[in-house]
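The values are calculated or read from the model by the stated rules, or taken from the named source; none is laboratory data. Quick caveat: nothing in here was measured; it's all calculated off a predicted structure. Neighbour counts run over all protein chains shown; Cβ positions are idealised from the backbone, glycine included. Calculation scope for accessible area: heavy atoms of the full protein, side chains included, ligands and nucleic acids excluded. Shrake-Rupley method; radii C 1.70, N 1.55, O 1.52, S 1.80 Å.
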Amino acid sequence: ILRSHTGLPAVCFVWQIAMVILFGVFIRYDEESDEKGWHEFKRSHNITSNIENDFYFRYPSFQDVHVMIFVGFGFLMTFLKRYSFGGVGFNFLIAAFGLQWALLMQGWFHSLDPVTGKITIGIESLINADFCCAGSLIAYGALLGKVSPVQLMIVTLFGVTLFAVEEYIILDLLHVSLDAGGSMVIHTFGGYYGLAISWVLYRPNLNLSKRLNGSVYHSDLFAMIGALFLWMFWPSFNSAITNHGAGQHRTVINTYLSLAACVLTTFAISSMGQKKGKLDMVHIQNASLAAGVAMGTSAEFMITPYGSIIVGFCCGIISTFGYLYVTPFLEKRLKLQDTCGIHNLHAVPGMLGGFVGAIVAAAATEEVYGKEGLVETFGLSGKFENRSMSTQGAYQAAGTCVAIAFGLVGGVCVGFILRFPLWGDPADDFCFDDEAYWELPEDEETIPPVLEYNNHMINKHQDT
Amino acid sequence: ILRSHTGLPAVCFVWQIAMVILFGVFIRYDEESDEKGWHEFKRSHNITSNIENDFYFRYPSFQDVHVMIFVGFGFLMTFLKRYSFGGVGFNFLIAAFGLQWALLMQGWFHSLDPVTGKITIGIESLINADFCCAGSLIAYGALLGKVSPVQLMIVTLFGVTLFAVEEYIILDLLHVSLDAGGSMVIHTFGGYYGLAISWVLYRPNLNLSKRLNGSVYHSDLFAMIGALFLWMFWPSFNSAITNHGAGQHRTVINTYLSLAACVLTTFAISSMGQKKGKLDMVHIQNASLAAGVAMGTSAEFMITPYGSIIVGFCCGIISTFGYLYVTPFLEKRLKLQDTCGIHNLHAVPGMLGGFVGAIVAAAATEEVYGKEGLVETFGLSGKFENRSMSTQGAYQAAGTCVAIAFGLVGGVCVGFILRFPLWGDPADDFCFDDEAYWELPEDEETIPPVLEYNNHMINKHQDT
Amino acid sequence: ILRSHTGLPAVCFVWQIAMVILFGVFIRYDEESDEKGWHEFKRSHNITSNIENDFYFRYPSFQDVHVMIFVGFGFLMTFLKRYSFGGVGFNFLIAAFGLQWALLMQGWFHSLDPVTGKITIGIESLINADFCCAGSLIAYGALLGKVSPVQLMIVTLFGVTLFAVEEYIILDLLHVSLDAGGSMVIHTFGGYYGLAISWVLYRPNLNLSKRLNGSVYHSDLFAMIGALFLWMFWPSFNSAITNHGAGQHRTVINTYLSLAACVLTTFAISSMGQKKGKLDMVHIQNASLAAGVAMGTSAEFMITPYGSIIVGFCCGIISTFGYLYVTPFLEKRLKLQDTCGIHNLHAVPGMLGGFVGAIVAAAATEEVYGKEGLVETFGLSGKFENRSMSTQGAYQAAGTCVAIAFGLVGGVCVGFILRFPLWGDPADDFCFDDEAYWELPEDEETIPPVLEYNNHMINKHQDT
């Protein structure tokens, strides 16, 4: 039987070897990263400058997204007083695995060449792989402190798989052409996936670990690093794979404005929700990000600057209310323990964003976008040429429902897999504790006082 | 009457609603972010590639500036032992408000279309809005720990307004074409604005809070995160809105070199200023940045690499001396309490930078810049075609004086507004304390020892 | 005689003045950053758009590299419980000096114009200067906590000098055209350089400082900031100076994949190496980066995605084994004290990377690269036109040996210089202690309790 402390090495090794083999069989460079391919591409497309390589359109945004995944999500989850190693460390592990598996899964569904049987990858594939991981990292937020690293690897394996299928249905079959920042495919799916897993893994005696389920002063500051990098780079997240030119440009403006508005309403509701009007760091760290989630679908639309601000305004209110009232309600009534409150940061704002996108899509006109802009933005060419904008809006709404369904059903199934008594999860009185999985350094208090050194001065040689 | 704990929500809500309305009336996408507009722009300018969109020239720098505003300024102000939440949190709040208000104020003065009555925005507007916030964030540095969030919102409201007017006078009326990194308009103005406010708000009994007016080991490390991100990204700050091509390129080189030289002289003076030659973290965190401030005006000039190093060399010395001797002097003699020492980091280096810029502008020749380079760099076309370089230098110097005047007069006025007993500022013995405005987590010492858990091992299921 | 506390100011001042003079004599803008030069360059090269300026190809990568040098290396070295100021602070100092000296040294060897006697610099020079510093910062890793800042300045002065000579031999004389991420010139050299110095400076009584040679909970989190920024931005490090277009694009993909694989094997071995299968933060922070080091030479090659993953797979294993078994062995048997374990993170992976590069170069064919790709990637034009690929592989291997030799011999010589009793190094019982060189803030425990303030409420004015 798989012993708790040997499970992790085995999973890491075996799965990584599987990656080597699958990458060997399937993954190749695309024509813009292949040395020979790029020379041919330039010739055939009559391109004279290397700056036309997609790399230069996407790389700055890619690195911002990369920072969001590893530092943003990672440090946002360091807020617990004794689970900071697990927060940032396991985030690191599962994202590093998830992005490899995502390249394969997304490749099979989206870019498998039927002739050669190969998947070709470029910078946009790396961005999509990071996005795909985000779904599982969001789910980790609900589970933080209550699961083992092996369980997280399983959550990621299935999370990435479900993501790729769901994304294929939404983007390809329903032709929801616009979800560049993933309100639906990333946040709605990831949010409900995590909540469903957490619901299945409900621990009635979790209050045995209550003493560790909270922050200390400096752990909240570490979490603020994560929160700010997420907040600052969200315009890059939403614009990373949008259309070149005005598309990327506009997406950045919309997301930037929406996030700014969200901060003010978050501070307002946070202060109103506490006696004496004090602010709560949990709200500032989380609810101020909700606007980025909600703009994931519609930031590329011509939603107008004030439209973006209105979305941000509402999201700050809704998300902070969620932290104040809904999360406690879910825990008490629905037996749903959601450590980071992903319900308020991802599930609900993501769903809202999906429906906002549906409305804005249905309202799109040729007058606003121009003829070629409309076709380009919504991808309404080929067999979708005759789809009306109101039909497109209905498909966008349907896409949101697909994301919710995949999250809930997939999460329940994965939750039951995680309940097998094999995976080394912590006991109820040992949750939220790095002691379970990490060699911890000695306590800070044991640093001896420095007074006694004053007689040993700096340079030993000077005594001579 | 406005109660202290209800003031903040009211201000946030009302002002944010005002933003929605004003954005609805005034703000639209510019021709490079509008879907239809960009297609027309490409056609009319005969552009074939989307890479010519201004977005690709500016976005990497924009994100660096954004990091400086939120993580740079924010974490630099976490150095106090019990005001880190306020440092990074209120910085977040006022920057998020300030950038929205800045888009409006700067738009009215610089890009209001007289025909349509609309302001159009693009990536450069976002950079300028971030810059405009910086003025108020600098002022916050002088006030850190002594004012309430509502007071900070007022500081920002007026700060952004004054900034836009001052910028209009300096850049448009005086045609000081070169202040891309804002030595004058950002740092000189922001520095004197904050100092004047602080002078009006002088607290004779501030030593009642003396026990909290200092750092602890880890708070200094958090501040170092902010300091380093400011230091590293300052080349982006100064080059973000300079001319495409050689202009941006040269600005980066000059700022990079100047900052490097500044670090060495900062370490030197810091070590000389202390008994036993020990270094002081306050100097390292702050004075090493002074070169970036001072190069804000002249980094785009052909100041030469060694010219940049000389500026950095001097700034490190002047700024560190300021921290050692001037700040204590100001507090004792001028009744001026400057928590972060913005006098030494922003006011004086900014002013110096303005005058250095004046000298370098007066010395510019066609031999060095080339004919078209001279016209392009200094914008000497149209009605300024015949302005001589020495006249341009004089206008640059005049611009610096305008910035000082706006800072001092504006700051005194705003200071008196802040003295109304309405805004919930902390009592003298309650300054520098997050307890006043934040729900604080329990103390770190209350984490129970881990020894007792050794008998509860990891997986509860394994016991069965 | 040079007193310990006056040495640092003197060194900083004198060396910085030397920089001013040398920059004045030698350094000028290159044709893409010079105002007049760029206008002429555009004309002579028939370029119409400023986006063709090398700045736009390199600047995003440059800023990522810059973050790695100052935040990445700096914070990675904050892991010690009481040497975090020294870790991040001295890193800051020596990098700021090193990059100036590197511009001169690399300029003399690589871009001195024989006619004008000037070195011209642009964005690529700044990247190379940052790279050159990295060699000395790596060496600092072995010396962390045991040397004085003056000693570090000497290490950097000679480190940069040796680097430039070694780089000239490897890149120009041996024409090892491909070492863009510096497996050989940066990591192998820097690693062995630091190890050799540390070996000469062996302290038999270092266990007198043993109580401080370890981390605390929050110092490990600060180190994780550094580790993650290194990990995330390593694709930029390796691609920053590769060929425009497919070269940069492919380098990013290869490095990204290799690093992801490395994380999984690092977690696996770390867990296997400890009783109870617990993870060790030292491994996670360090060994997960080894793949980036090892890919420095071959990431630009057509090594294939799965080839990259295999390299990462092996590096995670080798590096973590190094931390578990080799570092203790070196200390015990070879009298080699390596504070950060650079042997496992830089020396060995760098050497491996050099040899992997040799093999991959020898295996390169025209079929894979295309005719022009082969010439462009390996720079096989001019007098190297007829060099066969297997010969090129042999030269790559020789380059690695040159790097090792320079590191070892140079390090031993510098080590003996550092043993002069002049430089203010700490006594054996005073190592790993910021107290030696920094004014430290009071201890955290001295913050008074907040309970007593409840009767002083927020706004003093409200009492009236």
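Taking amide H as placed 1.01 Å from N in the peptide plane, B:W438 has its amide H under 5 Å from the amide H of A:L279, each at least 5 places away in sequence or on another chain. Peptides C:115-127, C:381-393 ranked from most to least packed, by the mean per-residue count of other Cβ atoms within 10 Å: C:115-127, C:381-393. Here C:E40 yields copy-to-copy label distances, from shortest upward, of 4.2, 4.2 nm, the label point defined as 7 Å from Cα along Cα to C-beta.
For the protein assembly as shown, with all protein chains present and a 1.4 Å probe, just round the carbon and sulfur fraction of the accessible area to a whole percent. C and S fraction of accessible area: 62 percent. Here the gap between A:F384 and A:Y202, fully extended at 0.36 nm per residue and compared with their Cα-Cα distance, gives a gain of 61.0 nm. Placing unit charges on the Cβ atoms of the charged side chains and taking the dipole of the protein assembly as shown about its Cα centre, the candidate lying farthest along the positive direction among B:T116, B:Q100, A:H346 is A:H346. When only Cα pairs below 8 angstrom with a gap of at least 6 residues are kept, chain A shows a relative contact order of 22 percent.
With a Förster radius of 41 Å applied to the beta-carbon distance between A:E366 and A:C413, the computed FRET efficiency rounds to 0.40.
At what distance in angstrom do the alpha carbon centres of segment B:143-192 and segment B:69-89 lie from each other? The two parts, judged by their Cα centres, are 20 Å apart.
Rounded to the nearest 100, the interface formed by chains A and B buries 8100 square angstrom of accessible surface, both chains summed, with a 1.4 Å probe.
Summary for B:K118: label point 7 Å along Cα→Cβ; distances to the equivalent points in the other copies, ascending, 4.8, 4.8 nm.
Give me the net charge of A:D113's neighbourhood, meaning all other residues with Cβ under 11 Å from the Cβ of A:D113; Lys, Arg count +1, Asp, Glu -1. Spelling it out: positives minus negatives among the neighbours equals +1. Bridge orientation summary for the protein assembly as shown: considering DSSP beta bridges with both residues in this region, about 35 percent are antiparallel.
With the radius of gyration and the Kirkwood radius both derived from the Cα set of chain C, what is their ratio Rg to Rh? Show your work: numbers first, answer last.
Details: Rg = 23.6 Å, Rh = 23.3 Å.
Across chain C, the Cα-based Rg/Rh ratio is 1.02.
Dipole orientation for chain A: of the candidates A:G245, A:F131, A:A18, A:F131 has the Cα lying most toward the positive pole (charges on Cβ; Lys, Arg +1; Asp, Glu -1).
Need one word for segment A:145-277: rounded, prolate or oblate. Basis is the Cα gyration tensor (sqrt eigenvalues a ≥ b ≥ c); a/c below 1.5 gives rounded, then a/b vs b/c decides. Mind dumping the intermediate values first?
Numbers: a/c = 2.28, a/b = 1.19, b/c = 1.92.
Oblate, because a/c is 1.5 or more while a/b does not exceed b/c.
The 3J(HN,Hα) values that the Karplus relation (6.51, -1.76, 1.60; θ = phi - 60°) gives for segment A:252-257 are, in residue order, 5, 4, 4, 5, 4, 5 Hz. Gly and Pro appear as x. Couplings for segment B:336-342, taken from phi via the Karplus curve 6.51 cos²θ - 1.76 cosθ + 1.60 with θ = phi - 60°, read 10, 9, 10, 3, 8, x, 5 Hz in order; Gly and Pro are left as x. Net charge of the neighbourhood of B:F406, taken over other residues with C-beta under 10 Å away and scored Lys/Arg +1, Asp/Glu -1, is -2.
Distance to the C-onto-B rotation axis is smallest for one chain C Cβ; residue and value in angstrom are C:P60, 3.
Shape class for the protein assembly as shown: rounded, because the ratio a/c of the largest to smallest gyration tensor axis (alpha-carbon atoms, square roots of eigenvalues) is under 1.5. Taken about its Cα centre, chain C carries a charge dipole of roughly 1140 debye when the Cβ of each Lys and Arg holds +1 and the Cβ of each Asp and Glu holds -1.
Count, for each residue of C:34-43, the Cβ atoms from other chains sitting within 10 Å of its Cβ, then give me the mean as a whole number. Write down the numbers at each step before the final one.
On the way: counts 8, 18, 11, 4, 7, 8, 2, 2, 2, 0.
If you average over the peptide's residues, the count of other-chain Cβ atoms is 6.
What does the structure give for A:184-194 when I average, per residue, the other chain Cβ atoms found within 10 Å of the residue Cβ? Provide the component values of the computation, followed by the final result.
Details: counts 0, 0, 0, 0, 0, 0, 0, 0, 0, 0, 0.
Mean inter-chain Cβ contacts per residue within 10 Å come to 0.
Accessible area per residue for the protein assembly as shown, computed on protein heavy atoms with a 1.4 Å probe, is 30 Å².
Each Lys and Arg adds +1 at its Cβ and each Asp and Glu adds -1 at its Cβ; summed about the Cα centre, the protein assembly as shown shows a dipole of about 1700 debye. Scanning residues 5 or more positions from B:I27 or on other chains, those with amide H under 5 Å from its amide H are B:I119, with H placed 1.01 Å from N in the peptide plane.
For the ranges A:303-310, C:70-77, what's the packing order if you count other beta-carbon atoms within 10 Å of each residue, average per peptide, and put the highest first?
On the way: A:303-310: 24.0, C:70-77: 26.5.
Per-residue mean Cβ counts within 10 Å order the peptides as C:70-77, A:303-310.
Work out the FRET efficiency for A:I359 and A:W108 from their Cβ-Cβ distance, taking R0 = 35 Å, and round it to the nearest 0.05. With a Förster radius of 35 Å, E is 0.60.
Phi angles across segment C:81-90 convert, under the Karplus curve 6.51 cos²θ - 1.76 cosθ + 1.60 with θ = phi - 60°, into 3J(HN,Hα) values of 5, 10, 10, 5, 4, x, x, 7, x, 6 Hz, Gly and Pro given as x.
Distances between copies of C:L173, taken at a point 7 Å out from Cα along the Cα→Cβ vector and listed shortest first: 6.6, 6.6 nm. For chain C, the longest principal axis of the Cα atoms and the long axis of helix C:123-143 meet at an angle of about 40 degrees. In a simple Cβ point-charge model (Lys, Arg +1; Asp, Glu -1; nothing else charged), segment A:44-135 has a dipole of about 460 debye relative to its Cα centre. Listed by chain and number, the lysines whose alpha-carbon sits under 21 Å from that of A:K371, ignoring those within fewer than 8 places in the same chain, are A:K383, B:K36, B:K42.
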